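My questions will all concern the structure given below.
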Amino acid sequence: MIQQTNFLKGSSSPENALPLIVIVGETASGKSTLAMELALAFEGEIICADSWTVYRGFDIGTAKPTAADRSKVPHHLLDVADPAEGFSAAVFQRLALATIADISARGKLPIMVGGTGLYIDSVLYDYGFLPPSDPELRAQLNAMTLEQVLARAGELELDTAGIDLRNKRRVIRLIENNGVRPGKRELRKNTLVIGTAIGHEQLQRRITARLDSMLAGGLEAEAHGLAERYGWDAESMKGIGYREWREYFAGQQTVEQTRERIIKASMDLAKRQRTWLKPNESIQWISDRSKAVEFVTTFLNKIN
């Protein structure tokens with residue numbers, strides 16, 4: 001086992017210069033497995049950057065780390081949000097920066113991993129988020145359907161490039177800010193970004209196998225229980241693996257049709273993730289996980 005030598009202990013480095021490993025990639029591409037391997041090898045702790053694993057009770061459908069994994073390596077920013085209240089990238093950024101500082105102060109290596117690009121980039125590029133919205137306007141927009149909100153954005157001639165148009169909350173935020181996006185700086189110092197590269201066919205096999213494991217593990221019952229508690233219109237119920245069950249419980253589709261919809265939605269998500277990550281030239285892409293150990297070793301030796 002390769003071990004880190006507590007080079008962070010007592011560090012006086014500013015918050016944006018603390019060493020950080022970041023692992024990005026498509027859904028089901030092996031990010032979490034790689035994060036575990038690196039955390040065990042380098043005395044690291046994991047920060048989960050996922051907009052669905054933040055919700056308490058959303059476990060199976062989000063592929064949340066197992067209790068066994070959490071007992072081996074500390075995981076942070078899981079189960080930090082009330083599903084009835086929602087969550088935001090700005091809140092994630094604040095919590096992530098505090099967590100990075102805490103992990104570093106204890107002489108451990110922070111390793112951030114996840115598939116939510118906005119969460120990752122909010123830390124990598126020190127996003128300056130916009131002020132809170134007007135509650136009255138927010139209420140009006142929330143009362144609209146997604147189609148109506150999209151139509152409003154079109155009427156205002158807002159640039160929706162890079163916005164998940166299936167996510168009503170993000171389209172609403174675009175309207176509230178009149179199309180203005182968060183500020184962005186250069187890549188933070190002392191940061192190594194590793195990307196998990198995987199072929200299309202292998203990715204589809206892994207997504208399918210993961211879903212079948214979820215189904216065997218009780219995903220249907222989890223989705224039903226959460227829908228009963230929070231309602232289908234809750235933001236937390238719009239994640240892949242949950243929203244697709246609505247028609248099933250309404251008697252409008254079969255389990256197999258639900259399964260196929262989840263697979264398709266996951267592949268569509270992977271495509272959006274590739275699009276988000278493609279312009280980022282700071283990512284070190286790997287297809288062999290052993291290369292990640294070499295990258296991290298070299299990185300730590302340079303800054304030590």
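Here, each number is a calculation from the coordinates, and none is a lab measurement. On a predicted model such as this, the values are computed, not experimentally measured, just so you know. All Cβ positions, glycine included, derive from the backbone under ideal geometry; neighbour counts span all protein chains shown.
Looking at the chain, send over the antiparallel percent of its DSSP beta bridges, to the nearest 5.
Looking only at bridges with both residues in the chain, the antiparallel portion is about 5 percent.
From zero outward in steps of 5 Å, how is the percent of C-alpha pairs of region 135-176 spread across the bins?
5, 27, 40, 21, 7, 0
How big is the chain along each principal axis, measuring the range of its Cα positions in Å and listing the largest first?
Principal axes ranked by extent give 56, 44, 33 Å for the Cα atoms.
Another question, if that's okay. Region 131-197 to region 202-222: how many Å between their Cα centroids?
One Cα centre to the other: 30 Å.
While we're on this one: Kirkwood Rh over Cα pairs of region 16-105 into Stokes-Einstein at 20 °C, 1.002 mPa s: D in µm²/s?
Approximately 155 µm²/s, per Stokes-Einstein.
Continuing with this model, one more query. Suppose a student asked you for the relative contact order of region 135-176, using Cα pairs under 8 Å spaced at least 6 residues apart; what percent would you report?
46
Given a Förster distance of 45 angstrom, what is the FRET efficiency for Asp102 paired with Thr254, based on the Cβ-Cβ distance and rounded to 0.05?
Rounded to the nearest 0.05, the efficiency is 0.45.
Report the FRET efficiency, 1/(1 + (r/R0)^6), for Arg166 and Thr66, where r is their Cβ-Cβ distance and R0 is 35 Å, rounded to 0.05.
Step by step, r from the Cβ atoms, then E = 0.75.
Could you identify which residue out of Gln284, Gln204, Gln253 has the top mean-square fluctuation in a GNM of the chain using Cα springs shorter than 10 Å?
Gln253
Between Met237, Met214, Met144, find the one with the highest GNM mean-square fluctuation for the chain; connect C-alpha pairs within less than 10 Å.
Comparing Met237, Met214, Met144 in the GNM, the peak value goes to Met144.
What ranking, highest mean first, results for peptides 89-99, 162-172 when packing means the other Cβ atoms within 10 Å averaged over each residue?
With the highest mean Cβ count within 10 Å placed first, the list reads 89-99, 162-172.
Decide, for region 118-203, between rounded, prolate and oblate: order the square roots of the alpha carbon gyration tensor eigenvalues as a ≥ b ≥ c, take rounded if a/c falls under 1.5, and otherwise choose prolate if a/b is larger than b/c, else oblate.
Verdict is oblate for region 118-203.
Which value in deg cm²/dmol, rounded to the nearest 500, describes the helix-derived mean residue ellipticity at 222 nm for the chain, given -39,500 (n - 2.57) per DSSP H run of n ≥ 4 and division by the residue count?
Only helices count here, giving -14500 deg cm²/dmol.
Quick one: if the Förster radius is 41 Å, what FRET efficiency do Asp233 and Ser290 give, using the C-beta to C-beta distance and rounding to 0.05?
Efficiency for this residue pair is about 0.35.
Which order, highest average first, do 184-193, 40-49, 111-120 follow once you tally other Cβ atoms within 10 Å for each residue and take the mean per peptide?
So the peptides 184-193, 40-49, 111-120, ranked by packing, come out 111-120, 40-49, 184-193.
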